[in-house]
Every structure is written in structure tokens, then in C-alpha cells.
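Undergrad: Could you have a look at this structure, given as C-alpha cells, before my questions?
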Amino acid sequence: MKKIYIKEEYCIACRLCEIYCQVKHSKSKKILKAFKNETDILSRVLVEEIGYNSFAIQCRHCEDAPCVEACISGAMQKNKNTGIVTCDEKKCVGCWMCIMACPYGVIKRDLSEKKVASKCDLCGDEEYPVCVRNCPNEALQFKDI
Amino acid sequence: MKNTINTINKTCESADYIIIGNSAAGLSAAASIRTIDKTGSIIVLANEQFANYSKPLITYYLAGKVKLEDMHFKDESFYKENKILLKFPINVVKVDFESKQVISDKGACFRYKKLLLANGGVPIIPKIEIAGSDDFQASKENKSINNKAASKEIVFPKILDSFSYKNISGIFTFTCIQDAMQIQSHIIKNKIKETAILGGGLIGLKSAEAFLEIGIRVRVIELSDRILSATFDKQASSIIENELENKGSKIYTQNTINKIFVKNGKLDGIELKNGEKIDSKLLIIAVGVKPDLRILKDSNTEKEQIRSGRGIFTDESMETSIKDVYAAGDVVESFDFITGNKTNIAIWPLAVRQGEIAGANMAGGSKIYGGGYFMNSIEILNIASISIGITNPSDDLEGHVEIIKDFKPEKKTYKKIVMLDKKIIGLILVGNIDRAGIYGGLIKNGVDVSEIKENLIKEDFGIIALPSAYKKHLVVGDGIEV
């Protein structure tokens, strides 16, 4: 499967990936509307920064995904065909077992409506994830393993 | 005995794999078998009345957050795709290891080539004295008078145990969907506004979580000096305890129930060890669960025995002391990855993993169980918390462990990291839990954290603060250079 590769040395911590991720996962899908009216959207990619060091990280869609193993509701599933790990927010009860299990710390608590786990879905309906497409310095790359 | 089995023999259904248990471990094993053996027949036997549901979800069911029909963690297509034949309700009471047969209480028989015991745990019911209700009324008025009512004949069972509690309306355990349904109808029927919970551990607090969601105050009675004592320390517990008390609930620590009052078959109040009386019409018994070893009693013979302690012993392949019989999940006593001791860790993720490993080995694969450690996530009154590993190191570790803490009661947050020999062995997070798994990864991988100690406790701790080799391993994966 295609995965996102992180190029730490190219990341300039501009956080455009976070912004485009938020827009992609907004209701309106419009940057200005989302900025004005949907202030509680979580970015599923996370830029970490200490001094000049930075990188953007999101779900690694693990082979033996610990979040899937820990999920008590069956919401967290790894698609056998695509390899993408997604959280079915309808089934999710917000128990946070996945947060406990993820060694990357890339699952967040979405408390905006019903409590659900929020994570990268690899923008399944797009050719390229929006964080990759909008990275100005190719610090995120979408490639086959 | 031999005769009865021989007569049943004729109608014995055969399968390559028989799995007792339809929950996390059992179904994970079934799926795992199927990845290796595409054609072998698999029968799953469940002792409940529902096709598939997730037991931990009963908290959310009782809280009204999830409906029964949405409680399945595997849907029908899972059984179909994996060609699993599910049979329920079948209550297995005996296994004949010699003839490789499983017998139910109604005499149904199944012959296996490989067997998995994934039948989970059962709630522990402490023995408590039961008294008549006249006694209760009188003693409420005047404790010292040894009145007539107290000496009255009580026809009801005099001791609460795993049989008698079922006959008293208002006393429930909280481990399966039937429990949750019965509690729910009891609440409606009796207009319950408050409940007593015996046990301030995980199940007690999980049930409290549900009760509080539906506006029922809780009175938690806990033997130790704090709630969640197995995993929390005083400071972590105090955050949750304060919040519970601020919202009108009450915690009784270093206390237990002395006596239960019953009137017309219904719970009519309880008396605590310290003499205090609680006028409760609902009591949840939540002192813990233990591996369900009832099957072993009639199955073990002098010749063939499944070895067990608190739970069933297995080797690294999850096979028991009897060939072709495996065990996984809450029924197992396996070894703790951190301490190296044999222990029963009844948590969902380990049940799934053990099931997967057992299934693979049953089907001829070779997977090894590397041990597990305790972890859990619980949210009370919107305060999330996660604990992993050894959070309260025992006295013999004193002087060897290093503990760093950040306690902010005003913000309702707490972070505690326990380290031994430069490695993290335990973690408590209260309030801000968002990056708990990173610490879990450090525990699992035994990463030397001596150089990043100051970072561990920071609020914005993340991947970037990790030791560079481990960080690289996480960020770029194995074998790929940046």
C-alpha cells in the first residue's frame, strides 16, 4: 500500500498540512468558512517542533495495528484491501483504548459532538492525502512501500 | 461417567477447531486460524443469548450511549467470511480430553481436533451476612437495643454468595449484557436515584461512569484507602474522588459492607463496617472478576489435568498442559512482561493478542506470546485517565525505582512516570491523556530514557523529544534512512 513518508529534514514547520487537514475534515470543506464557523475541527496530522527541528506525523497505518487490537467497539478497523486504518465514528464510544495503545500518539479525542477518536484516514477518497499535496517542501511524501 | 459420554458419542458433532467463548480472545483466534487454515471447520460455542456483543460496552449501554443492536464488535459478515459456525447459548460444563469431546449442560457434544478455552472470567461475590428488614428499621432507630425483630427467623438465605445474590432483587454484578439490562429495568421500575457500589476498582468505577451519565448518584464502598487502588496512587485517586464528591456522590474508603437488609425478596438497605447505614435499593457488586475455571472441575482427571493457578497456565504458544488444548483471554494466567511473574491480566487488548497467537499455533503456525502488562483507560465525569504497567512499585523496589510526577489538582491533571534501570515501567495520566501511547511504546520497547527524563514530564511531550534512535525508528520505519 501507499504510505506517507516523513522527511524530517525538509519540514519547516509551516503547519500548512495541519490547516489543509482541518479543511478536508470540515463540514464546509472551505478554508474561510471552516476557519470562521468550525473552530473545533481537529487536525489529524500533528506538527512537532523543538527549535529548528520539526516534522509532521500522522497515523502510520501499522501492519499489526495496536489501536485495532485495543478497540472494544469494533470501530477501529484495518481495511484488508487498502490497508488503511479508519475509525468508524458511528461505532466509536470514546473509550480511548486506542489512544493508550498507539505508540505514535497520533489519535486525538474529538469532543466536539459525540466523543470519538479522531485520526488520519489517509484521505481515502483523494489521489493524494491533502497534507502531502499541500506541503510546500515535500517534507511529506506519498509512496508505495 | 464413561458410559454417558459413549452414549452421547453417537450424536457428537465434529470440527477441526472448537472455540469456547465468543468474545475478544475467541473471535481473534478464529480469524487467526482462518488466515492459515482456509478450509478447516471452526465452531464457536457461546454461553450467552446474544450472537455477538462487546462486553466492555455494557457501560455505554447502561449510559444510553449505545443500543443493543450496535454493540457487536464483529458483524455477521465476519462469521460468514471466516466460515465460523457460531452456536449459542451453549453452556459447556465438561471436556473429555481423552476422547477430545466437549459436553454442554444439556448434553450437546462436540468433538475437536484442537480446542481453545476462551471462556473468560466470572464476577467474585464476597460472602456477606443477609438480615431481615425489620432488623434494619429497628437498628436505624436505635443501634444499642437488641430487639425482638433482630432475633426473628429469617427464611431467606443468610449469606450472600454467587447463588443467593441472584434471588435478591436489587443486587447485581456488572460484567455482561444481562446484568446491564436487569439493572436498567430495576432502575426504571423502582425509580432509583442513587446506587451503592461495592468495590472502587475498574468495574465499580466503570459502572459509576454509566450511572453518573444517567443522573444516578453513586456511593462507592472501597476496602482500600482510595479508589482504583490497583493502578492509581493517592494523588491520582484524589482528583477523581473530589470530582465525584463535588457532583454529589460519596466515597467510603477503608470500608466494606457488613450486612445486607432484605425485605420481601428486595434489597432494603446495607450496613457498612463502620456501622453506617445506607438506605440503598440498588447495589452493584464489583469487587472483581476471576478466571472462570468451572469447566476444569469436571474435566480434570488424575491422568489428564489442565494445570492452573488463579487462571489456566499456558506456554508461550498459548497451549495448556494438555496437548491440543489452548487457552486465551481473561481465563489465562500468563506472564507479566515487566515483572516476569505469572499473572492474570484481564484486559481486552491482551485477550485479542493471546487469541491471535493461540489461533495461529492451533492452525500449525508458530507465534510466540511475549507476555503482556496491565493497562487501562477510564473516564469519570469527563476526566479521562490512562494507567499502564507498574504504577505503584512494591516496597522491595524502593530505592531502585525513580518516580517523576506532575500533580495539578486545580487543573485536574496528573502525570506520574515510574522508571527502573533507565526504563519506564509504569505510567499514570489523568486529565491530559492524548499521547499516552508514546509512553506505552517506550515501556514495550524497553527504551533507555535516561537522557530525556526532563522531557518525559513536560506537558507538550511528543515524538520529537524521544531518544534519536528510537525516534528515527518510529518516524521513518525500519530500514529506511532519512
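Undergrad: So what's the net charge close to B:ALA328: Lys and Arg +1, Asp and Glu -1, counting the other residues with Cβ under 10 Å from its Cβ?
TA: -1
Undergrad: At 222 nm, what value in deg cm²/dmol follows for the protein assembly as shown if DSSP H runs of at least 4 each add -39500 (n - 2.57) and the sum is divided by all its residues, to the nearest 500?
TA: Mean residue ellipticity, 222 nm, calculated: -7000 deg cm²/dmol.
Undergrad: A further question follows. Tell me whether segment B:390-472 comes out rounded, prolate or oblate; compute the Cα gyration tensor, take square roots of the eigenvalues as a ≥ b ≥ c, and use a/c under 1.5 as the rounded threshold.
TA: oblate
Undergrad: Considering Cα pairs under 8 angstrom that are at least six residues apart, work out the relative contact order of segment B:263-393 and quote it in whole percent.
TA: 15
Undergrad: Let me ask you something else. Mind listing the long-range amide H neighbours of A:MET76? Cut-off is under 5 Å, sequence gap 5 or more, other chains count too, H placed in the peptide plane at 1.01 Å from N.
TA: So A:MET76 has HN proximity to A:ASP88.
Undergrad: While we're looking at this one, here's another question. For B:ASP225 and B:SER14 in one chain, what is 0.36 nm times their gap in residues minus the Cα-Cα distance, to one decimal in nm?
TA: Working it through step by step, the gained length comes to 70.7 nm.
Undergrad: Antiparallel DSSP bridges in chain B: what percent, to the nearest 5?
TA: Within chain B, antiparallel bridges account for around 55 percent of the total.
Undergrad: Can you bin every Cα-Cα distance in segment B:128-287 into 10 Å intervals starting at zero and give me the percent of pairs per bin, rounded to whole numbers?
TA: Taking every Cα pair in segment B:128-287, the percentages come to 11, 40, 35, 13, 1.
Undergrad: Holding the Cα-Cα limit at 30 Å, pick out from A:LYS80/B:LYS405; A:LYS33/B:LYS206; B:LYS67/B:LYS266 the pairs that are longer than that.
TA: Where the Cα-Cα span goes over 30 Å, the pairs concerned are A:LYS80/B:LYS405; A:LYS33/B:LYS206.
Undergrad: In a solvent-free Debye calculation with one equal scatterer on each Cα, what is log10 I(q)/I(0) for the protein assembly as shown at q = 0.06 Å⁻¹, listed in the order of the q values?
TA: At q = 0.06 Å⁻¹ the computed log10 ratios are -0.36.
Undergrad: Calculate one ³J(HN,Hα) per residue across segment B:108-121 by plugging θ = phi - 60° into the Karplus curve 6.51 cos²θ - 1.76 cosθ + 1.60, and present them in order as whole Hz with x for glycine and proline.
TA: My calculation for segment B:108-121 gives 5, 10, 9, 9, 10, 9, 10, 10, 10, 8, 10, 8, x, x Hz in order.
Undergrad: Among A:ASP88, B:ASP298, what's the order by accessible area (1.4 angstrom probe), most exposed first?
TA: Putting A:ASP88, B:ASP298 in descending order of accessible area: B:ASP298, A:ASP88.
Undergrad: Another question, then. Would you work out which of B:CYS176, B:ILE251, B:PHE163 lies farthest towards the positive end of the dipole of segment B:128-287, given +1 charges on the beta-carbon of Lys and Arg and -1 on that of Asp and Glu, about the Cα centre?
TA: B:PHE163
Undergrad: Relative to the present Cα-Cα distance, how much length would full extension add between B:ASP395 and B:ASN190 at 0.36 nm per residue of separation?
TA: 69.1 nm
Undergrad: I would also like to ask the following. Determine the alpha carbon to alpha carbon distance for each of A:LYS2/A:LYS119; B:LYS114/B:LYS297; A:LYS78/A:LYS115; A:LYS108/B:LYS342 and list only those over 26 Å.
TA: A:LYS108/B:LYS342
Undergrad: Separate question: Throw me the Rg/Rh for segment A:1-110, computed over C-alpha atoms with Kirkwood Rh, two decimals.
TA: 0.98
Undergrad: Let me ask something else about it. Each residue of segment B:256-268 in turn: what ³J(HN,Hα) in whole Hz from Karplus with 6.51, -1.76, 1.60 and θ = phi - 60°, glycine and Pro shown as x?
TA: Once θ is set to phi - 60°, the couplings for segment B:256-268 become 7, 8, 8, 8, 10, 9, 10, 10, 6, x, 10, 4, 9 Hz.
Undergrad: For segment B:215-349, what is the charge dipole size about the Cα centre, in debye to the nearest 20, if Lys and Arg each add +1 at the Cβ and Asp and Glu each add -1 at the Cβ? Don't skip to the end; give the middle numbers.
TA: Values: 20 positive and 21 negative charges, 153 e Å.
Computed charge dipole of segment B:215-349: roughly 740 debye.
Undergrad: Short version: ³J(HN,Hα) in whole Hz for each residue of segment B:333-344, in order, from phi by Karplus 6.51 cos²θ - 1.76 cosθ + 1.60 (θ = phi - 60°), x for Gly and Pro, what are they?
TA: Working through the residues one at a time gives 10, 10, 9, 7, 4, 7, 8, x, 7, 6, 7, 9 Hz.
Undergrad: Count charges around B:GLY309 for me, please; just the other residues with Cβ under 10 Å from its Cβ, Lys/Arg as +1, Asp/Glu as -1.
TA: +2
Undergrad: Report the Cys residues of chain B lacking a disulfide-compatible partner, meaning no second Cys Cβ under 4.7 Å from their Cβ.
TA: Cys with no partner Cβ under 4.7 Å: B:CYS176.
Undergrad: Would you mind working out the magnitude of the charge dipole of chain B relative to its Cα centre, with +1 at each Lys and Arg C-beta and -1 at each Asp and Glu C-beta, to the nearest 20 Debye?
TA: The calculation lands at about 1140 debye.
Undergrad: What fraction of the DSSP beta bridges in the protein assembly as shown is antiparallel, stated in percent and rounded to the nearest 5?
TA: 60
Undergrad: A follow-up question, please. Along the Cα-to-C-beta direction of B:ILE403, a point sits 7 Å from the Cα; which residues of segment B:227-252 have their amide N less than 11 Å from that point?
TA: B:232-236
Undergrad: For chain A, can you list the cysteines whose C-beta has no other cysteine C-beta under 4.7 Å from it?
TA: A:CYS11, A:CYS14, A:CYS21, A:CYS62, A:CYS71, A:CYS87, A:CYS92, A:CYS95, A:CYS102, A:CYS123, A:CYS135, each lacking another Cys Cβ under 4.7 Å.
Undergrad: Counting alpha carbon pairs within less than 8 Å and at least 6 residues apart, what relative contact order, in whole percent, applies to segment B:128-287?
TA: 30
Undergrad: Let me ask something else about it. Calculated FRET efficiency, A:GLN141 and B:THR339, Cβ-Cβ r, R0 41 Å, to nearest 0.05?
TA: 0.45
Undergrad: Quick one: putting +1 on the C-beta of Lys and Arg, -1 on the C-beta of Asp and Glu, what dipole do you get for the protein assembly as shown around its Cα centre, in Debye to the nearest 20?
TA: Working: 87 positive and 80 negative charges, 312 e Å.
Its charge dipole is roughly 1500 debye.
Undergrad: Per residue in segment A:81-114, which ones lose no less than 50 Å² of accessible surface when going from chain alone to all protein chains (1.4 Å probe)?
TA: Correct list: A:LYS91, A:VAL93, A:TRP96, A:MET97, A:ILE99, A:MET100, A:PRO103, A:TYR104, A:ARG109.
Undergrad: Here is a follow-up. Is segment B:1-132 rounded, prolate or oblate when judged by the Cα gyration tensor, a ≥ b ≥ c being the square roots of its eigenvalues, rounded requiring a/c under 1.5 and prolate requiring a/b larger than b/c?
TA: oblate
Undergrad: To continue, here is another question. With no solvent and one point per C-alpha, what does the Debye sum give as log10 I(q)/I(0) for segment B:325-482 at q = 0.14 Å⁻¹?
TA: -0.82
Undergrad: Another question, if that's okay. When you look at the Cβ of every residue in A:61-74, what mean number of other chain Cβ atoms sits within 10 Å?
TA: Counting other chains' Cβ atoms within 10 Å and averaging over A:61-74 gives 5.
Undergrad: Oh, and also: Have a look at chain B and give its Rg and Dmax from the Cα atoms, expressed in angstrom.
TA: That works out to 24.6, 85 Å for Rg and Dmax.
Undergrad: Same structure, new question: Amide H neighbours of B:THR173 under 5 Å, counting only residues 5+ apart in sequence or on other chains, H built in-plane at 1.01 Å?
TA: It is B:ILE285, by chain and number.
Undergrad: Further question on the same structure: If you take the charge dipole of chain B about its Cα centre, with +1 on Lys and Arg Cβ and -1 on Asp and Glu Cβ, which of B:GLY215, B:THR314, B:PRO349 is farthest toward its positive end?
TA: Checking the options against the dipole of chain B, the answer is B:GLY215.
Undergrad: Could you report chain B's accessible area per residue, 1.4 Å probe, as an integer in Å²?
TA: Accessible area per residue: 45 Å².
Undergrad: Continuing with this model, one more query. Can you list residues whose amide H is under 5 Å from B:LYS259's amide H, if they're 5+ apart or on another chain and H is modeled 1.01 Å from N?
TA: So B:LYS259 has HN proximity to B:GLU271.
Undergrad: Count charges around B:ILE187 for me, please; just the other residues with Cβ under 10 Å from its Cβ, Lys/Arg as +1, Asp/Glu as -1.
TA: Net local charge, B:ILE187 excluded: +4.
Undergrad: What number, in percent, do you get for the relative contact order of chain B if the mean sequence gap of Cα pairs under 8 Å and at least 6 apart is divided by its residue count?
TA: Working: 980 pairs, mean separation 71.2, N = 482.
This gives 15 percent for chain B.
The values are calculated or read from the model by the stated rules, or taken from the named source; none is laboratory data. Since we're looking at a predicted model, the values are computed, not measured. Quick reminder, even Gly has a Cβ in these numbers, built from the backbone with ideal geometry, and neighbours come from all protein chains shown. When the accessible area is computed, the model is the full protein with side chains, heavy atoms only, and any ligands, DNA or RNA have been set aside. Shrake-Rupley method; radii C 1.70, N 1.55, O 1.52, S 1.80 Å.
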